[in-house]
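Encoded as structure tokens, the structure appears first; notes follow it.
None of the figures in this text is laboratory data; all of them are computed from the coordinates on show. Just so you know, these numbers come straight off a predicted model, no measurement behind them. Cβ atoms come from the backbone with ideal geometry, glycine included; neighbour counts cover every protein chain shown.
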Amino acid sequence: MNNYLIDNLDKHILHALMANARTAYAELAKKFNVSAGTIHVRIEKMKQAGIITGTQLMIDTKQLGYDVCCFIGINLSNARDYPQTLIKLEALEEVVEAYYTTGNYSIFIKVMTKSIDHLQDVLINKIQAIEAIQSTETLISLQNPISRTVMP
């Protein structure tokens with residue numbers, strides 16, 4: 001099923017579910033002039049093909065007190081240290097995304113903290129305390145004016 005090609009109906013279904021993942025199949029069926037069974041089959045096929053991998057709850061991090069978003073470029077002492085370093089970074093709740101990259105950094109992470117003091121603590125006592133990390137560079141985000149996913 002990995003070679004499943006989506007058509008216009010699939011795209012419409014995906015757009016609708018991305019806007020509201022809780023939309024009922026019957027509502028989608030009515031909107032797209034097909035049966036609820038067709039919607040169900042299409043969604044199941046996209047799940048089996050790995051196009052739909054789950055649903056996600058969106059939260060406002062600022063409402064939870066996380067006021068500082070930053071990105072940290074990490075240089076490793078050795079490329080072979082990547083797997084173990086990733087495991088250690090994944091254990092830190094403040095690290096919300098990680099990327100293995102080309103260019104200036106071995107790993108690029110997104111970190112959310114409640115304050116600059118919290119960021120300083122995480123950076124010094126958690127991230128830079130990982131032995132395999134040679135150096136870091138921190139970029140603090142001032143705002144996130146564009147936040148979206150890839151559209152089908």
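Points to keep in mind about this one:
- For the range 8-48, the calculated P(r) over all alpha carbon pairs, in 5 Å bins from 0 to the bin holding the longest distance, is 6, 26, 40, 25, 2 percent.
- Listed residues I107, I51, I72, most fluctuating in the chain (Gaussian network, C-alpha, under 10 Å): I51
- Under 18 Å from the Cα of K45 - lysines, other chains or at least 8 residues apart: K11
- Here is the size of the chain from its Cα atoms: Rg then Dmax, 20.4, 59 Å.
- Label-point gap, in nm, between E137 and Q56 - each point 7 angstrom along Cα→Cβ: 2.6 nm
- Kirkwood hydrodynamic radius (C-alpha pairs) into Stokes-Einstein, the range 96-152, 4 °C and 1.567 mPa s, D in µm²/s: 97 µm²/s
- Each of T101, T53 was scored by other Cβ atoms within 10 Å of its Cβ. Arranged with the fewest first, they read T53, T101.
- Count Lys and Arg as plus one, Asp and Glu as minus one, and take only other residues whose Cβ is under 12 Å from that of L17; the net charge is then +3.
- Every pair of different Cα atoms in the range 61-141 enters the Kirkwood calculation, which places the hydrodynamic radius at 12.7 Å.
- Stretching F71 away from N104 to a fully extended chain increases their span by 10.5 nm, per 0.36 nm per residue minus the current alpha-carbon distance.
- Selected from V68, V41, V96 as most flexible by GNM, with the chain as the system and alpha-carbon contacts under 10 Å: V41
- With neighbour counts taken as other beta-carbon atoms within 10 Å, the residues D121, D60 rank, fewest first, as D60, D121.
- Packing-based exposure ordering (other Cβ within 10 Å, fewest first) of S106, S77: S77, S106
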